[in-house]
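The values are calculated or read from the model by the stated rules, or taken from the named source; none is laboratory data. From a predicted model like this one, the values you see are computed outputs, not experimental measurements. We place every Cβ from the backbone using ideal geometry, glycine too, and count neighbours over all the protein chains shown. Accessible surface areas use protein heavy atoms only, side chains included; no ligands, DNA or RNA. Shrake-Rupley method; radii C 1.70, N 1.55, O 1.52, S 1.80 Å.
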Amino acid sequence: TTEEQPSTDLATLTREVLAEQFRLGAAVAGDLTLLLNAIQVTSKFIATNVRKARLINLWVMLFPVVDNFTQTLLKLFLKIKSIGLAGETNATGDEQKKLDVLSNDIMVNALRSSGKTAVLVSEELEEAIIIEDRLKGKYCVVFDPLDGSSNIDAGVNIGTIFGIYRIQEGSAGSISDVLRPGSEMVAAGYTMYGSSANLVLTTGHGVNGYTLDNALGEFILTHPNIKIPPRGKIYSFNEGNSLYFHEPVKRYLESIKYPSNGKSPYSSRYIGSMVADVHRTLLYGGIFGYPDDKKSKKGKLRLLYEAFPMAFLTEQAGGIATTGRKRILNITPTDIHERTAVFLGSKEDVQDLIKFYEEEDKAE
Ligand code: P6P
């Protein structure tokens, strides 16, 4: 196609996932394709609600004197009946759902009704959901429906993170189907809600990035075969926790902030929203870290539905994801909400960090 003509050969997410299924041949029945399509529909739905919530936030910020009555009118106008910006109640006194709770409901409903899932784990739900027999399928989905949602009032990019296991042979669907190493996941991805919605996905054969074309309502392939640079120039840590960092992390950060080899120091970029920080790391390279420290003994990020999906994507893009001492995807979870240290990014940068842990372990 020439510059001015629109493409007549749109590589949509639906088509790419189907092509992946055809490449795998008759061995697959197409259930994962249908499941991934259900997930992409939830991303479109959540993207719409995030955009509307931002619009309301904007109005409320622009017109702080907007009283409750006008706000209610505004929400009706924007067809937003169930989004609470801070969980307040609406005119009829209904408990309004916060955006992350709403996003969770959207995902649970879509995944259950897809008929392709057996077990669901959500950051928003204390217990796992075991799908009733009538709607039970072959896959288990672990997800954070709206990670970083506390940032939404500041207009910071937030996102949905998900990972997919195939149910174990002979299992009727139980918690043991998701208390497995991340290396047994068959797919993982995230959707980042920012100026546009970006869905980044792996099914174990590389990483593709898609951008939602709101006019078409389709995710279009915009970042085929994402490969993380072998080394970057950016480090992404919350250095507000430096007081609590363990020695290997402190020594590593010193080495890139005050390089002894005459090289220029790294730049610091930290958004405080994992999806945004990881997305930048995948595209630009460098290292993202949320260490375990003297305050957060196991780190802050969740193993099952934050660290595993991001580690799977990072490795598929040619990077490394570690706790400092162990490959994240090799960990076997013992609890669906357990936390872990996370360092991920460019192979050479993460290897530099690992050396400081190896030095400490040798010294002991
Ligand atoms: P801190 C957001 O709350 C989140 O779960 C991740 O998205 C993000 O990487 C991390 O916490 C930020 O934590 O302690 O730096 O604010």
Sparse-neighbour loop sites [GluC sites (Glu not before Pro); the range 214-256; at most 13 other C-beta within 10 Å; DSSP]: none
At a Cα cut-off below 16 Å, give the aspartates and glutamates reachable from LYS250, other chains included and same-chain residues fewer than 8 away excluded. GLU239, ASP292, ASP293, ASP349, ASP352, GLU358, GLU359, GLU360, ASP361
Report the semi-axes of the equivalent ellipsoid for the range 143-182 in whole Å, largest first, where each axis is √(5λ) for an eigenvalue λ of the Cα gyration tensor. 32, 8, 7
Calculate the FRET efficiency for ALA19 and LYS263 from the Cβ-Cβ distance with a Förster distance of 41 Å, rounded to the nearest 0.05. 0.45
Heavy-atom accessible area of ARG180, protein chains in place, probe 1.4 angstrom, given in Å² to nearest 10, is 30
Using 1/(1 + (r/R0)^6) with R0 = 35 angstrom and r between the beta carbons of GLU184 and LEU55, what's the FRET efficiency to the nearest 0.05? 0.30
Once Rh for the range 271-364 is found with the Kirkwood sum over Cα pairs, what is the Stokes-Einstein diffusion coefficient at 4 °C and 1.567 mPa s, in µm²/s? 97
Amide hydrogen neighbours beyond the local backbone of ALA321, cut-off 5 Å, H modeled: ILE328
Compute the Kirkwood hydrodynamic radius of the chain, taking the inverse of the mean of 1/r over all pairs of distinct Cα atoms, and give it in Å to one decimal. 21.6
How big is the accessible area of SER174 in square angstrom, nearest 10, if you roll a 1.4 angstrom probe over the protein chains? 40
Please report how far the C-alpha centroid of the range 206-264 lies from that of the range 267-303, rounded to the nearest whole angstrom. 8
When Rg is the radius of gyration of the Cα atoms in the range 108-183 and Rh is its Kirkwood radius, what does Rg/Rh come to? 1.04
Starting from the Cα of HIS205, step 7 Å along the direction of its Cβ; do the same at ASN225; then give the gap between the two resulting points in nm. 1.3
Please compute P(r) over all alpha-carbon pairs of the range 184-259, binned at 5 Å starting from zero, and give each bin as a whole-number percent. 3, 12, 16, 13, 13, 11, 16, 9, 4, 2, 0
Which lysines does LYS138 reach when only Cα atoms under 20 Å apart count, and residues fewer than 8 places away in its own chain are ignored? LYS116
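What is the calculated FRET efficiency for LYS138 to LEU216, with r their C-beta to C-beta distance and R₀ = 30 Å, to the nearest 0.05? Don't skip to the end; give the middle numbers.
Working: r = 30 Å, r/R0 = 1.01.
E(calc), rounded to 0.05, equals 0.50.
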At a temperature of 10 °C and a viscosity of 1.306 mPa s, determine how fast the range 178-225 diffuses translationally according to Stokes-Einstein, using the Kirkwood radius over alpha-carbon pairs as Rh; express D in µm²/s, rounded to the nearest whole number. 134
